[in-house]
1. Sort through 189, 196 and tell me the only one that's surrounded by fewer than 23 Cβ atoms within 10 Å (Cβ to Cβ), over 18 Å from residue 252 (Cβ atoms) and either free of Cβ contacts under 8 Å to residues at least 40 places away in the same chain or touching a helix residue (DSSP H, G or I) at 6+ places or on another chain (Cβ under 8 Å) (or both).
2. Kindly evaluate residue 365 against the criterion of being in contact with a Pro (Cβ under 6 Å, 6 or more places away or on another chain), within 22 Å of residue 300 (Cβ to Cβ) and modelled with pLDDT of 95 or more.
3. If you check 83, 145, 138, which single one turns out to be surrounded by fewer than 18 Cβ atoms within 10 Å (Cβ to Cβ), of a type in the set (A, V, I, L, M) and closer than 25 Å to residue 219 by Cα?
4. May I ask you to verify whether residue 204 is in a loop (DSSP other than H, G, I, E, B), touching a Lys or Arg at 6+ places or on another chain (Cβ under 9 Å), over 25 Å from residue 248 (Cα atoms) and in contact (Cβ under 8 Å) with a residue 40 or more places away in the chain?
5. Looking for whichever is aromatic (Phe, Trp, Tyr), at pLDDT 95 or above and in contact with a Leu (Cβ under 8 Å, 6 or more places away or on another chain) here; the options are 271, 247. Which one fits?
6. What are the residues in region 115-164 that are on the phi > 0 side of the Ramachandran plot and either touching a His at 6+ places or on another chain (Cβ under 7 Å) or modelled with pLDDT under 95 (or both), if any?
7. Name the helices (runs of 4 or more DSSP H) wholly inside region 1-109 in which the number of residues that are modelled with pLDDT under 95 is 3 or more.
8. Which ones in region 55-101 are charged (D, E, K, R) and in contact (Cβ under 8 Å) with a residue 60 or more places away in the chain?
Amino acid sequence: MKKSLLIALTALLGGVSVYADAPEWAQVPGILQRIVPPTFPERELVITNFGALGDGTNDCSQAIRRALETCAQMGGGRVTVPAGNFLTGPIHLLSGVELHLATNATLSFITDPTAYLPAVFTRFEGIECYNYSPLIYAFGQTNVALTGDGTLDGQATDQTWLGWRGRKGVTPGTQTAARKRLDVMNNHRVPVEQRRFGTGDFMRPDFIQFNHCRNVLIEGVHIRRSPMWEIHPLLCTNVTVRGVDIFAHGANNDGCDPESSHDVLIENCIFDTGDDCIAIKSGRNNDGRRVNVPSENLIIRNCLMRDGHAGTAIGSEISGGCRNVFVEDCVMNSPNLLCALRLKSNAMRGGTEENIFMRNIQVGRVADSVLQINFLYEEGATGPWQPVARNIVMEHITVAHTPRVLNITGFPAAQITGIRILDSTFKQIAKPDVVISADVNLVDCSLEKLY
């Protein structure tokens, strides 16, 4: 069903882009040459041979760990999860190993937080710390993969992980107090080794995090009920996310968050999320500037974006910067999708977002605008760091219904320049654009205004 849908989308968009000669896209073939999925020895180990029971009730954590470790010790290969429902705690992937979910296989993750301790080195919303292990985690590994047609079920509900989100004020049983404490640690440059969180702090883990890894492949799996961010490549090189189907609604349930990573390909995926479908990041405030690794050379193509805050977002944790992002041949459509492209920062985060290109996008309906740039996000203009957006080009965008085309909010100390929308069609525009402290040009565009 998923493959046939994506084939239909490709046909709708006319297949390969006909604008391949656009000068800013000339570097795409070179980027793609460097993005090569890992390969693995022809060796297969099945977790049921290590004691795993697919009855949905027995804890298979140790059996899965033994299978992964044995495979790595043998020189690598595939560890297969066969058909069945396998209950597990955190899974830590190892170099040279592909974790493969067969058709009708499900990994259901335990919701007892103590299963995800001891804490591991991670980032929480762009700030380095030690916190609960992601449900699937790899640190410092090379040639790792998560593949197959099975399902990853985080089992997050309002009664478990999702209830930790909290709202305004300090509410017992939510992350509010710990999140503020981590922010203070970051702003005061507290050493990362001292930033320890866990029981009683209620800071949710990511679903899948590859941290400081090279040669990563995530392909085909169905992701459901995530505690927080779903796919988080962090400080990674050579990443392919392909054919993944994500349906996970909840606070901060971003679909894919490449952070401080480069040479990343996201293609043929379906996103239906509670936050941004794809959100590119590079660290928050002092941590982003201290680590100083931008996200760069990212290609997003042939994806379907439904519910979410943005089809593609950059920020808001973007202090390390972002450059060279190419988004093409995607379909975006939902009354719950805020915008097609969204840039977020403020005067505390700063960061330069540049060379962002989007083309050949079919948009049915969005809830706010086609392009949203918000440099007054959260802390706003209070701070010494200049957020910069420059050389942002959208072309051949077709929109059936949008409240407005532009919703761009800068401030005098920020820089928003070289924003261009070319050869695009916007229908049923309900409101005037909002453009504050920004240089924006629409060229050869068709605008059907209802106001």
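1. Working: 196 fails: either free of Cβ contacts under 8 Å to residues at least 40 places away in the same chain or touching a helix residue (DSSP H, G or I) at 6+ places or on another chain (Cβ under 8 Å) (or both).
Exactly one residue qualifies, and that residue is 189.
2. yes
3. 83
4. On the way: in a loop (DSSP other than H, G, I, E, B): yes; touching a Lys or Arg at 6+ places or on another chain (Cβ under 9 Å): yes; over 25 Å from residue 248 (Cα atoms): no; in contact (Cβ under 8 Å) with a residue 40 or more places away in the chain: yes.
Here the answer is no, as residue 204 does not meet what is asked.
5. 271
6. 140, 148
7. Once the helices (runs of 4 or more DSSP H) in region 1-109 are filtered for at least 3 residues that are modelled with pLDDT under 95, what remains is 2-12.
8. So in region 55-101, the residues charged (D, E, K, R) come out as 55, 59, 65-66, 69, 78, 98.
Answer for region 55-101, where residues must be charged (D, E, K, R) and in contact (Cβ under 8 Å) with a residue 60 or more places away in the chain: just 98.
The values are calculated or read from the model by the stated rules, or taken from the named source; none is laboratory data. Since we're looking at a predicted model, the values are computed, not measured. Cβ coordinates were reconstructed from backbone atoms using ideal geometry, including for glycine residues, and neighbour counts include every protein chain displayed.
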